[in-house]
1. Just from its helices, what would the mean residue ellipticity at 222 nm be for the chain, if runs of 4 or more DSSP H residues each count -39500 (n - 2.57) and the sum is divided by every residue, rounded to the nearest 500 deg cm²/dmol?
2. Ranked by accessible surface with a 1.4 Å probe, highest first, in what order do PHE74, PHE163 come?
3. Determine which lysines satisfy two conditions relative to LYS34: a Cα distance under 28 Å, and not lying fewer than 8 residues away in the same chain.
4. Near the amide H of ALA45, under 5 Å away, which other amide H atoms are found, from residues 5 or more places off or on another chain, if H is placed in the peptide plane?
5. Expressed as a rounded percentage, what relative contact order does the chain have, with Cα pairs under 8 Å and six or more residues apart?
6. In what sequence, largest accessible area first, do SER130, SER165 appear using a 1.4 Å probe?
7. So if each residue of separation counts as 0.36 nm, and I subtract the Cα-Cα distance between GLN147 and VAL33, what length gain in nm does that give?
8. Here are labelled values, (1) 45, 38, 26; (2) 51, 46, 20; (3) 45, 34, 32, and one is the computed Cα extents along the principal axes in Å for what I pasted. Which one?
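The values are calculated or read from the model by the stated rules, or taken from the named source; none is laboratory data. Note that this is a predicted model, so its numbers are computed, not measured. Surface accessibility is based on the protein's heavy atoms, side chains included, excluding ligands, DNA and RNA. Shrake-Rupley method; radii C 1.70, N 1.55, O 1.52, S 1.80 Å.
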Amino acid sequence: MTTILGIQHDWGCEMHADAQVTAERDYRHPDMVKVVDRDGYLLAASGDTVACDVVMYRWRPPEPPKTPTAAFPFMVATVGPSIRKTLHKLAPAASRTEVVVLLAYAGELFTVDADGCVIRHHAGIYGIGSGAAYAIGALYAGATPEQALKVAAENDPWTRGPFTSHTQTKPA
């Protein structure tokens with residue numbers, strides 16, 4: 001399991017993640033990162049390990065439109081269906097299980113599930129994984145993102161440091 005936070009700002013967004021990977025046992029290794037930067041997208045996933053690996057390393061993010069467009073329609077019309085199609089093709093059994101992707105594109109945050117459903121949060125606070133509720137609660141109580149991840153690690157046995165932080169700015 002995992003704890004990954006996303007915070008939307010006027011200038012762009014930030015993502016924060018723990019380091020523990022759970023698959024029958026708990027693992028930590030520098031190669032097993034929770035947030036990857038691929039073709040201008042920041043990606044993080046939580047859920048079935050196979051589905052997470054497919055989304056983060058085998059999915060080919062669609063090329064952004066040549067003319068500027070709002071990010072949400074692009075996510076709904078193109079990105080969400082692309083993730084769903086990739087999961088059904090490369091991990092058919094895993095695509096029917098729980099997987100949620102936290103994705104940043106053009107400095108905007110979105111969640112996408114295995115069905116390709118794209119969601120935005122009105123307050124700009126996102127969390128995925130087993131410790132997300134603890135971390136989100138800590139953020140609302142005034143904690144910094146790192147403090148929020150520490151709260152999650154204290155309360156969720158599937159969350160552990162070290163923690164990483166990533167940012168993506170909106171285009172000018």
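1. That comes out to -6000 deg cm²/dmol.
2. Most to least solvent-accessible, the answer reads PHE163, PHE74.
3. List returned: LYS85, LYS89, LYS150, LYS170.
4. HN-HN under 5 Å from ALA45: LEU102.
5. RCO, the chain: 34 percent.
6. Sorted descending by solvent-accessible area, the residues read SER165, SER130.
7. Numbers: separation 114, 0.36 × 114 = 41.04 nm, distance 1.96 nm.
Gain on stretching GLN147 to VAL33: 39.1 nm.
8. Looking at Cα extents along the principal axes in Å for this model, the match is (1).
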